[in-house]
Each structure stands twice: as C-alpha cells, then as structure tokens.
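Down below is the structure, laid out as structure tokens.
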Amino acid sequence: MKLVDRLLQRWRISKARPYLRAGGRVLDIGCHEGEFARTFSGIGSTWESIHTSRSGGSPGFSASSGQFPGDYIRDDVQFDLITLLAVLEHVPTSSKVRWLKHAPTPSRPADFS
C-alpha cells in the first residue's frame, strides 16, 4: 500500500469513528487486513469482517470470505454499524444500484432483498 493510500485509509477510519459505540455490533465489509477493527479493538464492540479475498491478511486478524450482501445479510443478525471503506469502486455498477436502492438510513433499516 502506498503512502497516499494509508493516509486516505486513516482519514476514512476517522470519519467512521463517531458512529462506533462501545458494545455495538460492527460489520466491516471489504476489511482488507483488519485495520479498522484493530484501530478500535479496545472499544468493546463485536466485529464481523468480510472480504472477497482471504489472501494477504495479517497476524491476529480473521475475516470471512464472501460477497456482500448475498452471503452476509441474514434475518437473524443485526448490526449497529456497517462500514464499506473504499469498497464501492470494486463493486459492479449493476450491484451499486441495488445497494443504493436498499441502503439503510436512520429511519429505514437495511433491506437487501
């Protein structure tokens, strides 16, 4: 990762921080090597991380491999925060439309059906 990539990554993480609360359940989509989870590991949140590729990784970090939302949204699981830091540029346009159409807002929960 280049210096500018790391700086952008830190900036994105800092923008997501205000939405992270102690004891919350977080889904980190496109987690890369778990930088977001590691940065705030002391907060006491429960982390679930997903990435399309399990290659790379880092010691002490575990992520599920799969596609979002298809492999990961279940009726029996809810999250307090879902992050997609630097992810949408890797998603096909046809899927972006679907994600945005069903995106959660404070007054409307996620619906990826």
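In this label model, S41 and Q78 are separated by 2.9 nm, measuring between points 7 Å along each Cα→Cβ vector.
Placing a pseudo-label 7 Å from each Cα along the Cα-to-Cβ vector at W11 and A86 gives an inter-label distance of 1.2 nm.
Taking amide H atoms as placed 1.01 Å from N in the peptide plane, the amide H of T83 lies under 5 Å from those of L27, D28, I29, each 5 or more residues away in sequence or on another chain. Residue-wise HN-Hα couplings along segment 38-52, as the Karplus relation 6.51 cos²θ - 1.76 cosθ + 1.60 with θ = phi - 60° gives them from phi, are 5, 4, 10, 5, x, 6, x, 7, 9, 10, 10, 10, 9, 8, 5 Hz; Gly and Pro carry x.
In sequence order, segment 12-27 has phi-based couplings of 4, 4, 5, 6, 7, 3, x, 8, 8, 10, 4, x, x, 9, 10, 10 Hz under the Karplus curve 6.51 cos²θ - 1.76 cosθ + 1.60, θ = phi - 60°, and Gly or Pro positions carry x.
Read the figures in this text as sums done on the coordinates, not as results from a lab. The model shown is predicted, which means the values in this text are computed figures rather than measured ones. FYI the Cβ positions are ideal-geometry reconstructions off the backbone, even for glycines, and counts take in every protein chain you see.
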